[in-house]
Amino acid sequence: MNTYERLSEKYGVARLWVASFVAIVVAIAGAAVAMPTRVWDRFLWHYFWGPVYADAKAASCAVMTDGGPQPLYQGCSAAIERGDIVAEPGYTIVSEIGYMLILVYMLVGVYLLLERLDIAEDPNLYFAFVPFMLLGGALRVVEDGTDRAVEAGVTPLVEYPLSSLIISPVIYGVVFVMTLVSLLACLELDRRGVVGSYYRATAGVGVALVAATMAYLTMGALTTDYSTLYLSVLVSTVGIASVLSYALYWLFENYAPAVNSGTGYIGLLVIWGHAIDGVANVILADWLDALSVPLTYYPKHPANAFIISTTEALQPAGISAAIGTSWPFLFVKLAVASLVVWLFNDEFLNESPRYALLLLIAVTAVGLGPGTRDMLRATFGI
């Protein structure tokens with residue numbers, strides 16, 4: 001028996017995870033205090049918090065100075081040339097790898113929590129979490145709207161620093177906490193016999209929150225000058241994504257049933273979530289003019305930007321002018337989502353139902369959340 005097995009047997013895996021979490025936080029905080037310039041300024045702030053700060057301030061970038069961070073609305077290139085510590089809104093390769101590691105680590109903690117609560121073996125819980133995935137994207141658009149409100153001289157609903165809570169990636173943690181609190185509350189109500197099923201009640205909470213957020217965004221589009229309703233974006237994105245995802249599901253069901261055998265309709269939603277992300281990116285990058293939407297958006301994710309730049313380099317200019325350069329991103333999203341669905345076969349789901357369900361929720365969320373944000377941002381002209 002190795003050291004880990006002995007500790008697990010003595011203290012339990014859940015306690016070891018909590019202890020490791022505390023140790024990591026203390027170690028990072030200690031390193032930031034001991035080496036503030038190297039650890040905080042040049043790493044944690046530069047790659048992780050700086051982009052959130054710049055985004056919250058609606059700035060082109062933010063620069064770390066001796067007096068603290070300062071937003072810049074122009075002159076970012078000059079600051080970079082001077083060698084300043086500059087953070088720009090969006091993601092970098094370093095931050096995306098960091099967030100991926102954090103996601104995997106937190107998934108382990110969530111799994112241990114669900115195991116302790118003895119829930120999440122019922123596939124119906126997956127559907128209960130879908131509204132919260134939509135909520136994350138919708139709340140992100142609320143923050144996008146604050147920037148336009150400030151530009152228009154209107155006091156936004158949420159101002160900095162509270163607005164930083166609904167900026168990516170912080171919003172993922174916020175929505176996770178909201179989901180967890182809703183789940184635990186509904187679980188307690190279920191065990192007391194107040195509600196018929198905790199997952200239906202959880203889904204109800206999520207739907208109510210999404211409806212309230214959408215009502216706020218719609219009201220803003222109808223009553224203010226900084227937001228305009230473009231329903232063509234919403235209809236086009238949902239319509240095309242639904243047709244593509246169901247077509248794939250039908251093809252698998254009829255010609256490759258092994259792909260759908262483990263997940264069923266959950267697999268359809270996994271593909272649909274990533275189809276929403278792919279279609280929204282293609283429409284925002286290349287087809288807004290065709291929908292008479294006078295807006296311009298640029299990709300913030302390195303992977304999407306890489307695909308667009310590669311397509312621009314390899315695809316003939318005439319074809320690029322006709323169909324755009326972002327379309328491969330949609331096919332990559334559909335292919336990856338289909339591969340994931342295929343990997344979740346009956347054997348995997350039967351052996352580790354709770355773990356498989358948690359992974360399926362995470363895989364769907366990383367597609368549906370950002371896709372919803374992109375779709376609604378253009379829908380409300382923000």
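The values are calculated or read from the model by the stated rules, or taken from the named source; none is laboratory data. As the structure is a prediction and not an experimental result, all values here were calculated from the model. Don't worry about glycine lacking a Cβ; one is built from the backbone with ideal geometry, like all the others, and counts go over all protein chains shown. Calculation scope for accessible area: heavy atoms of the full protein, side chains included, ligands and nucleic acids excluded. Shrake-Rupley method; radii C 1.70, N 1.55, O 1.52, S 1.80 Å.
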Could you go through segment 326-341 and let me know if any residue there is out of contact with any helix residue (DSSP H, G or I) (no Cβ under 8 Å at 6 or more places or on another chain) and not hydroxyl-bearing (S, T, Y). yes
Could you list all residues from segment 154-199 that are aromatic (F, W, Y) and in a loop (DSSP other than H, G, I, E, B)? Y160
Quick check, is A31 among the aliphatic types (A, V, I, L, M), modelled with pLDDT of 90 or more and surrounded by fewer than 13 Cβ atoms within 10 Å (Cβ to Cβ)? no
With the first residue restricted to segment 125-139 and required to be under 11 Å from T179 (Cβ atoms), and the second required to be open to solvent by 10 Å² or more (accessible area, probe 1.4 Å) and among the charged types (D, E, K, R), Cβ contacts under 9 Å at 6 or more apart or on different chains are A128/R200; G136/R373
Candidates I93, I85, filtered to the one that is surrounded by fewer than 12 Cβ atoms within 10 Å (Cβ to Cβ), touching a helix residue (DSSP H, G or I) at 6+ places or on another chain (Cβ under 8 Å) and within 21 Å of I167 (Cβ to Cβ): I93
Would you confirm whether or not segment 250-262 contains a residue that is within 27 Å of A337 (Cα to Cα), of a type in the set (D, E, K, R) and either open to solvent by 20 Å² or more (accessible area, probe 1.4 Å) or not in a loop (DSSP other than H, G, I, E, B) (or both)? yes
Quick count over segment 224-239, residues being in contact (Cβ under 8 Å) with a residue 24 or more places away in the chain and either charged (D, E, K, R) or open to solvent by 80 Å² or more (accessible area, probe 1.4 Å) (or both), is 2
So, restricting to strands (runs of 3 or more DSSP E) that lie completely within segment 18-124, which ones have at least 2 residues that are free of Cβ contacts under 8 Å to residues at least 40 places away in the same chain and more than 22 Å from the chain's Cα centre (by Cα)? 61-65, 68-72
Of (1) more than 18 Å from the chain's Cα centre (by Cα); (2) under 27 Å from V130 (Cβ atoms); (3) in a helix (DSSP H, G or I), S309 satisfies all except one. Which? (2)
Cβ-Cβ distance below 7 Å, separation of 6 or more or different chains: which pairs start in segment 188-205 with a residue that is more than 15 Å from L117 (Cα to Cα) and end on one that is among the acidic types (D, E) and assigned to a loop (DSSP other than H, G, I, E, B)? none
Only one of (1) open to solvent by less than 60 Å² (accessible area, probe 1.4 Å); (2) farther than 23 Å from V25 by Cα; (3) of a type in the set (G, A, S) fails for G109. Which number is that? (2)
Of (1) at pLDDT below 85; (2) open to solvent by less than 30 Å² (accessible area, probe 1.4 Å), V150 fails just (2)
So, in segment 196-223, of the ones that are among the β-branched types (V, I, T) and open to solvent by 40 Å² or more (accessible area, probe 1.4 Å), which residue ends up nearest to D374 (Cα to Cα)? T218
